[in-house]
Amino acid sequence: MFKKILIANRGEIACRIARTCRRLGVAVAGVHSSADRDALHVRQIGESVEIGGAPASESYLRIDAVIAAAKSVGAEAIHPGFGFLAENAAFARAVEAAGLVFIGPTADVIERLGDKAAAKREAKAAKVPIVPGSEAPSVDPAAIAASVRAVGLPVMLKAAAGGGGKGMRGITSLDGLEQEIESAMREAKNSFGDAGLIVEKLIRQGRHIEIQIAGDGQGRVIHLFERECTLQRRHQKVIEEAPAANLSARMRDSMAADAVRLGERLKYRGVGTVEFIVGADEYHFLEVNPRLQVEHPVTEMVTGLDIVEIMLRIASGEGLPVQQGDVRIHGHAVEARICAEDPAAGFLPSTGKLSKVRFPDLGVRVETGIESGMEVTPYYDSMLAKLITHAPTRDEALDRLSLALEDTVVFGVTTNRSFLRRLIDLPETRTATFHTRLIDEQITGWSLGDALHDTQTLAVAACHWLQLQRQLESRSPWSRWHSSGWQMSVGGESLAPIPSLHVETSDGVSAEIRFGPLRADGSLLVGVNDARVPVRLAPTGGDAGSYLAVTDTHRETVRLHRDGDMLYLHDRRGSHSLKVVPYLSYISTSAQASGDLKAPMMGLILKVNVAPGDRVEKGAVVAILESMKMEMRIVAECAGTVASVTCQAGQTVERSAVVASITPD
């Protein structure tokens, strides 16, 4: 076994790899960008080398810097994790040339499998059924368009060098084909350094099943059974599970045999995933991910194996540590990916300070690279954490995951937590009758906004604000002049004659708050506009910020956190973000129509399509912004003439920065 390795990655996967290394007695070191100097993975690993600027292209994708870091800390091997350089054959070759061990497949195998077109050729040679389509990648938009027409609609554009849903576009119409090709190529180039695309027939209402394999590099390959990854949004996995439900033993055995045969043909070294698209009674090969997968924990939970340990033992020359006959499935496991994104805004990535983070600590495995106080930047993937549950039955595992999501608190950025809970409760999820297009087909009818606010929610938040304010004022010589105004009541059940607070919710609802006197039972009368709610808050004695909230006859455990003028509340409905402003400092302004186009979040301007004086129609794409490896189109909200353009390609802009102004017709 190795004495010391370098982990060439960041976030939750870096923390997870380090955990296995420590259990095996292997020392670890890491790398980080300038944006990650204070990141959790840097602190947990304990030794880390800064290798460049915030963008991945200036740090985590720099082969020379990563290898130099490994040598500087005395590492014998490099683990690439997933993403970044994990499927880069040039990196694997450079690592070996530097006298280090690459913990993964050989560079030759990565070249033969990491590219989707090459992988299809290998699968075909191994007599594994493949999806009809082009077998060679292209960077010529005209040639790609010709392939689309030759294969016939519907088709899927795929980044030949990529995975994770990046650089993928489902094409069902020839209208706008050139723009879709251009966008997919640009996204592929930004994510994987290779703009090449292949074209495949789009198989509708299929299931995405993958087989985990492991090989010793000498021709011996085993499988660790399958994972179900069908619940996807825009070709990106959202919830994964093992084993797959409603999958016949015949099809499972056939796919596993095909995956092993493909691995044997290549004398596969390390772990990898062979992915298939599955119909009612047939399946086709999709691709191979020659690396560790994001969803590997569900396989670990049902088999009891540590896949990172298997990788380390194979790479160190020990060979496969387990025989095929020893691999068994026990129970069912499900994983959900919590991402910093806003479902109500088309799943735009969300950046900002993580004011408060709390994950459940019982009955759930948590893989994360974040903690309270960290900053979510636009430079990397939006995934914040993975929650994994394991139970004797599938229904129990889903139930446990739903409760774990309910108990998860992330304040400061918008997440998809509530969206994930909704997915778990879908009838199609519970009966495993889903397909890969299910979410995209149904989502337009879903309400994906913030948790609903009611008078009790606002009253509890206001009461907490007052408690904190009184604690601050008790240390002030002016404490008898409470800014809350509640002392101005005239006794009984009356409220203060003027509001104390103005509260605004994230969905635009506002309320004026008045306070009454404390009651004998410790409750406080809170006025929310015209409503009157008695509230009593008592710490639960658990983690900080946990309270028992009593409103009238209702009792509920809630979590509360204040950060400046923002107050966050987590209750049975979900998470609430409230802006709380003392009433006397609140200035009401009427909204005015504006032709200003603003960046939806911090990111990099990839392209500007207009210039001052240009005439634009409503909906025209004015600029394209990239954040967290996602492209967002900034469109004209009205027809008119471009008055000014305040950004240029290659420029990083802040959230809400004006990128262009349009004078409406």
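Readers should treat all values here as calculations from the given coordinates under stated rules, not as data from a laboratory. This one's a predicted model, so the numbers in the text were calculated from it and none came from an experiment. Every residue, glycine as well, gets a Cβ built from its backbone with ideal geometry; the counts of neighbours run over all protein chains shown.
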*Give me the distance between the Cα centres of segment 381-413 and segment 171-195, rounded to whole Å.*
33
*asked:* Quick query: amide H of GLY449 versus all other amide H atoms, modeled in the peptide plane; which residues come in under 5 Å with a sequence gap of 5 or more or a different chain?
replied: none
*State the volume of the convex hull built on the alpha-carbon positions of segment 596-664, expressed per residue in Å³ and rounded to an integer.*
63
*Each residue of segment 630-646 in turn: what ³J(HN,Hα) in whole Hz from Karplus with 6.51, -1.76, 1.60 and θ = phi - 60°, glycine and Pro shown as x?*
10, 9, 10, 9, 8, 10, 5, 8, 7, 7, x, 10, 5, 8, 7, 10, 10
*Can you list the HN-Hα couplings for segment 351-357, worked out from phi with the Karplus curve (6.51, -1.76, 1.60; θ = phi - 60°), rounded to whole Hz and with x for Gly and Pro?*
10, x, 7, 7, 5, 8, 10
*asked:* Quick check: Cα centre of segment 1-48 to Cα centre of segment 321-342, how many Å?
replied: 22
*What does the charge count near LEU305 come to, summing +1 for each Lys or Arg and -1 for each Asp or Glu among other residues with Cβ under 12 Å from its Cβ?*
-2
*asked:* Suppose only helical runs count, i.e. DSSP H with n ≥ 4. What mean residue ellipticity at 222 nm does that imply for the chain under -39500 (n - 2.57) per run, divided by all residues and rounded to the nearest 500 deg cm²/dmol?
replied: -7500 deg cm²/dmol
*Give the Rg (one decimal place) followed by the Dmax (whole number) of segment 1-94, computed from C-alpha coordinates and expressed in Å.*
11.9, 34
*Separation of segment 638-665 and segment 512-540 by C-alpha centroid, Å?*
46
*Whole-Hz Karplus ³J(HN,Hα) for segment 288-299, in order, using 6.51 cos²θ - 1.76 cosθ + 1.60 and θ = phi - 60°, x for Gly and Pro?*
10, 9, x, 6, 6, 9, 3, 8, 4, x, 5, 5
*Under 5 Å, built H, 5+ apart or other chain: amide partners of LEU202*: VAL155, MET156
*Globularity index of the chain, i.e. its alpha-carbon radius of gyration over 2.2 N^0.38 Å*: 1.04
*By count of other Cβ within 10 Å, fewest leading, how are TYR268, TYR547 ordered?*
TYR547, TYR268
